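Everything on this sheet refers to the single structure shown next.
The values are calculated or read from the model by the stated rules, or taken from the named source; none is laboratory data. This one's a predicted model, so the numbers in the text were calculated from it and none came from an experiment. Cβ placement follows ideal geometry from the backbone for every residue including glycine, while neighbour counts extend to all protein chains displayed.
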Amino acid sequence: MKAVIIGFSHMHVNEVALYISDRTDMELCAIAGVPSKAESIPALRYTPDWNLANVRDNYCSVVYDDYRAMLDEVKPDIAFILTENGQKPDVVEECARRGVDVCIEKPIAVSLEEADRIKESVDKYGIKAVVNWPVVWREYVLKMKAALDARVVGEPLKLRYINGHTGPLGKGAKHRGVSDNAEEMTDSQRGKTWWHKAELGGGVWLDIACYGCFFSRWFMGKNAKSVIGMGENLNTPFGNTDDNFGALIRYDGKMSVIEGTWTTPRAVIPSGPMVLCSDGVIMCTGGAENAPDVKAFDIYGNEVAIPEYKLEEKYKNMPCHIMSGDGIHEMLTLDANMDVMAILDAAMKSAESGKEESIRG
């Protein structure tokens, strides 16, 4: 399978390139960035210019200045899209017009309206589209879902999810596929990056709240009714995006409580999903980064055995999943991600309106 990468704005691009290079049945044929409206800053680690150079030097030396020309000349089978969130609909449309399948880095878009544009392009030109969520490749998350499906402590009633870091380019930030932490940068430099510009699709909602909405759709089901959200910029005044949020998602007879922060790393907060059930609780232990595992307890505090789970090869990463031939996991499909985006979109609208907002079904 011939693959290309479009965009280097998301630091996940480094691990995506690594995983493609590990395959013998998928080739990274070319790469191309997408021009940004963000101001230029030095190519510090995890910035788009640094990411491009890292992928070029380690995985693919064929670099195009224009991704459209790359699509026309290389004629790839699939494009991995890691652009700024606000650029995704245009890039997907260019790929779709040429019959190129796409893998979009989470979240699918900046809004439900933009996600609709993506779905229209995919449907119009009949391409395949998947959305890459790194949490699907985590053994403890799949183990938790298996325990929930087995109803080891009854019916799921309430999801609690919290996650945090110091920002994608914050102090001590580190991302898979690269062994070193982010280099120090000034607040002025951070403020010039797309991550801290709402008009380019930055902010904690699209970076972290999307995960809470994803877990809500995956663990609690399709029929979310409405959401109450609140966001604030508490400690990043150099940007115009929220850096902390909280949201309550309403179902019939169930609910989700999701939180996220760019001010406190998950190394020091009890992060990861927890599901309160009718007969107990299933929770992530150890935090999302400190040897995470899953345990279940009944309402008396007694530990309950959960099904054993061993990570299958097809769940190592997205390239492995695509090439497995076993079909695409439900939560990576376009349809499921339209549901996720509907929850996230309503949460962001609620944060603006101060009112409970309905979720499009």
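See the values below:
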read-out: Candidate set from the stretch 233-251 (those that are out of contact with any Phe, Trp or Tyr (no Cβ under 8 Å at 6 or more places or on another chain) and assigned to a strand (DSSP E or B)); member that is nearest to I269 (Cα to Cα); value: G246
read-out: Subset of the stretch 35-58 (residues that are touching a strand residue (DSSP E or B) at 6+ places or on another chain (Cβ under 8 Å) and crowded, with 20+ Cβ neighbours inside 10 Å); value: L52, V55
read-out: Every residue from the stretch 13-57 that is within 23 Å of E73 (Cα to Cα) and free of Cβ contacts under 8 Å to residues at least 12 places away in the same chain; value: T24, P35, A53, D57
read-out: Check on R266, under 21 Å from R190 (Cβ atoms), basic (K, R) and either in contact with a His (Cβ under 7 Å, 6 or more places away or on another chain) or in the same structural domain as A346 (by TED's automatic domain parsing) (or both); value: yes
read-out: Breaking point among (1) small (G, A, S); (2) on the phi < 0 side of the Ramachandran plot; (3) part of a loop (DSSP other than H, G, I, E, B), for G325; value: (2)
read-out: Qualifying residue in the stretch 76-96 (condition: free of Cβ contacts under 8 Å to residues at least 60 places away in the same chain, within 29 Å of G191 (Cβ to Cβ) and among the small types (G, A, S)); value: no
read-out: Selection within the stretch 296-328 - within 18 Å of A146 (Cα to Cα), of a type in the set (A, V, I, L, M) and either free of Cβ contacts under 8 Å to residues at least 60 places away in the same chain or surrounded by 15 or more Cβ atoms within 10 Å (Cβ to Cβ) (or both); value: A296, V304, I306, I328
read-out: Among (1) part of a strand (DSSP E or B); (2) over 16 Å from the mean Cα position of the chain (by Cα); (3) assigned by TED's automatic domain parsing to the domain that holds D298 - the single one Y161 does not satisfy; value: (2)
read-out: Residue within the stretch 166-185 that is surrounded by fewer than 20 Cβ atoms within 10 Å (Cβ to Cβ), more than 15 Å from G272 (Cα to Cα), in contact with a helix residue (DSSP H, G or I) (Cβ under 8 Å, 6 or more places away or on another chain) and among the aliphatic types (A, V, I, L, M) present; value: yes
read-out: Whichever residue in the stretch 186-221 is surrounded by fewer than 20 Cβ atoms within 10 Å (Cβ to Cβ) and outside any helix (DSSP H, G or I) and, among such residues, is farthest from the chain's Cα centre (by Cα); value: T186
read-out: Filtered residues of the stretch 1-24 (kept if in a loop (DSSP other than H, G, I, E, B) and not basic (K, R)); value: M1, G7, F8, S9, H10, M11, H12, D22, T24
read-out: Candidate set from the stretch 148-165 (those that are of a type in the set (A, V, I, L, M, F, W, C) and surrounded by 15 or more Cβ atoms within 10 Å (Cβ to Cβ)); member that is nearest to L206 (Cα to Cα); value: I162
read-out: Test: residue in the stretch 246-266 that is over 20 Å from the mean Cα position of the chain (by Cα) and modelled with pLDDT under 95; value: no
read-out: Members of the stretch 255-278 that are buried (at least 16 other Cβ atoms within 10 Å of the Cβ) and over 28 Å from H165 (Cβ atoms); value: C277
read-out: Check on M230, out of contact with any helix residue (DSSP H, G or I) (no Cβ under 9 Å at 6 or more places or on another chain), closer than 30 Å to S278 by Cβ and at pLDDT 95 or above; value: no
